[in-house]
1. With the alpha-carbon atoms as the only input, what is the per residue convex hull volume for the stretch 296-462 in Å³?
2. Keeping all protein chains in place, calculate the accessible area per residue for the chain (probe 1.4 angstrom), answer in Å².
3. Return the FRET efficiency for the residue pair E232, A192: r is the Cβ-Cβ distance, R0 is 56 Å, and the value is rounded to the nearest 0.05.
4. With no solvent and one equal point scatterer placed on each C-alpha of the chain, evaluate the Debye formula and give log10 I(q)/I(0) for q = 0.06, 0.09 Å⁻¹, two decimals.
5. Fully extended, how many nm does the chain gain between D254 and E203 (0.36 nm per residue separation, minus their Cα-Cα distance)?
6. Take every DSSP beta bridge whose two residues both sit in the chain, then give the antiparallel share in percent to the nearest 5.
7. For the stretch 260-313, state which trypsin sites (Lys or Arg not before Pro) are in a DSSP loop and have at most 12 other beta carbons lying within 10 Å of their beta carbon.
8. Around G242, with a cut-off of 15 angstrom between Cβ atoms, what is the net charge of the other residues, counting Lys and Arg +1 and Asp and Glu -1?
Amino acid sequence: MTQGQTSAIDLTLGDLARLEEVVDREALSDVCRSFFELFGLSIRVLSKDGTLLADVHQEREICQYVNRLPAGAAACARTVAQVKTATPDGAPVLLPCFTGGRYRVEPIRYQGRQVGRFVIGPYLPAETRAVPRSLLEIDPGVVDDDALRALAEMPRVRPETAGRLAAHFRKVVDLLLFSSHRAHLTSEMHVASVREGYRELAEKTANLQQAYNRLKELDKLKSNFLATVSHELRTPLTSIIGYSEMLEAGIAGDLAGEQREFVETIRRKGDHLLALITSLLDLSKLEQGALRLQREPLSPKALLDEIVTTFMPRAREKSVSISVDAADDLPAVDGDPVRLRQVLSNLADNAMKFTPEGGSIMLRAVETDLVGGEDGEMGMVLMAAARPAIRFEVADSGAGMKQEELTRIFDAFYQVDGSSTREHGGAGLGLSIVKRLVNAHEGEIHVTSEVDVGTTFSVTLPAVETDL
Ligand SMILES: Nc1ncnc2c1ncn2[C@@H]1O[C@H](COP(=O)(O)OP(=O)(O)OP(=O)(O)O)[C@@H](O)[C@H]1O
Ligand SMILES: [Mg+2]
């Protein structure tokens with residue numbers, strides 16, 4: 001059998017070659033004890049190879065008597081050896097002892113196979129009338145009172161009674177074997193099924209580990225690929241944009257109407273492409289943990305005012321109102337100015353894209369606390385002390401989203417299906433970058449939304465701690 005294969009369980013008797021493997025010795029001894037108590041006969045159970053498994057006997061006086069004589073002890077040892085090695089094949093074996101006693105050796109069979117044997121005796125055949133010659137040969141002076149009394153003390157059993165007692169004992173042992181074997185098989189089956197379950201689990205775990213390693217490898221390749229390609233594209237693209245700007249500015253001579261239009265399109269599309277490439281580069285840097293933040297204290301209100309100034313022309317063009325609601329004296333937020341502007345612009349850009357004419361966008365900042373959790377020992381979450389923080393909100397009265405979309409929109413390249421999304425273009429990278437940037441600042445981002453009512457993104461970032 002090759003490794004890894006499991007052997008089928010032998011539901012026949014494959015396992016039961018030896019009695020002692022199935023039947024509990026204690027249970028066998030109990031059966032022998034009650035046999036002895038009921039009938040006063042010594043009884044022993046031996047395994048197929050002669051190992052003594054249970055033994056309840058009483059040393060007979062006649063045995064003690066002959067064992068005191070050298071010749072008697074030797075003859076006794078010979079008899080015992082014979083009894084021990086007797087192998088009854090089907091029928092019982094009756095072994096005479098030189099004292100006149102008798103041993104009855106019976107096979108123990110189970111489902112047609114011999115698995116052990118039992119020995120009843122010594123007992124005196126009921127028909128015994130005189131001191132046997134074999135005893136006289138060992139000790140010619142035996143015919144004294146002591147020896148005769150000792151012999152008379154040996155239990156007398158008629159042949160048919162001996163047969164019935166043996167049959168009775170065999171039945172009890174058969175029953176014991178049957179129930180023990182059943183329990184044995186059940187537990188074997190249980191062990192085998194557990195083993196099989198474990199093997200399957202180990203195989204699946206190995207496969208999963210392999211798939212995980214492969215995915216990790218692919219993910220790394222993808223990040224490297226994105227980083228390299230983006231980097232290689234950026235340099236020629238900056239030239240394209242630069243030259244189109246120069247053409248637009250008339251550095252290479254005046255442009256006729258259509259020429260100007262074409263150059264403008266080249267510049268606009270170039271700008272778009274550059275924004276996309278920058279996003280990809282940002283994302284791969286964030287994924288690789290290679291983005292360094294340059295943190296400094298920043299005024300929340302100033303940040304929001306800046307965003308409004310940037311978006312005001314688009315808002316006017318689209319007839320959407322955009323305003324700021326933030327106190328002047330809010331604590332400073334501890335962030336990287338370039339990256340925080342990126343976060344807020346992305347959110348404002350989305351709000352602008354998904355808010356129809358006549359709608360409104362509100363940028364808010366309020367003081368709050370940031371309570372972070374940290375995994376402690378034994379998987380317990382240790383609550384860190386609350387840190388002062390600023391919560392920025394970008395709320396719009398736009399298209400809104402269904403609840404089931406709210407967790408997916410932070411995935412890279414994910415865009416909610418529908419014509420409005422496609423109409424607005426974009427690559428679906430904005431929010432995934434925003435989320436990673438917020439996390440890099442140890443902050444949190446949440447979203448609430450209702451279809452056709454509007455969406456609010458809130459970003460909570462640590463404030464600069466002031467010693468008061
Ligand atoms: N304020 C919002 N209102 C309604 N839907 C939104 C809003 N903000 C984001 N979404 C949905 O989430 C999707 C993902 O936003 P995300 O900013 O990541 O990508 P994008 O804006 O489509 O593209 P990009 O930001 O890369 O230009 C959007 O396509 C849109 O479907
Ligand atoms: Mg976006």
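1. Working: hull volume 20.1 nm³, N = 167.
Dividing the Cα hull volume of the stretch 296-462 by its residue count gives 121 Å³.
2. Values: 27130 Å² over 468 residues.
Normalised by residue count, the accessible surface of the chain is 58 Å².
3. Values: r = 59 Å, r/R0 = 1.06.
So, using R0 = 56 Å, E works out to roughly 0.40.
4. -0.57, -0.78
5. On the way: separation 51, 0.36 × 51 = 18.36 nm, distance 7.25 nm.
Between D254 and E203, full extension yields 11.1 nm more.
6. Numbers: 53 of 61 bridges.
Counting DSSP beta bridges with both partners in the chain, the antiparallel share is about 85 percent.
7. Numbers: sites: R260, R267, R268, K269, K285, R292, R295, K301; in loops: R292, R295.
Those that pass, being in a loop and sparsely packed, are R292.
8. Details: positive: R234, R267, R268, K269; negative: E245, E248, E264, D271.
So the environment of G242 carries a net charge of 0.
The values are calculated or read from the model by the stated rules, or taken from the named source; none is laboratory data. Computed from a prediction, not measured in an experiment: that's the story for all the values here. Neighbour counts are summed over all protein chains in view; Cβ atoms, including those assigned to glycine, are modelled from backbone coordinates with ideal geometry. Note: areas computed on protein heavy atoms with side chains; ligands, DNA, RNA excluded. Shrake-Rupley method; radii C 1.70, N 1.55, O 1.52, S 1.80 Å.
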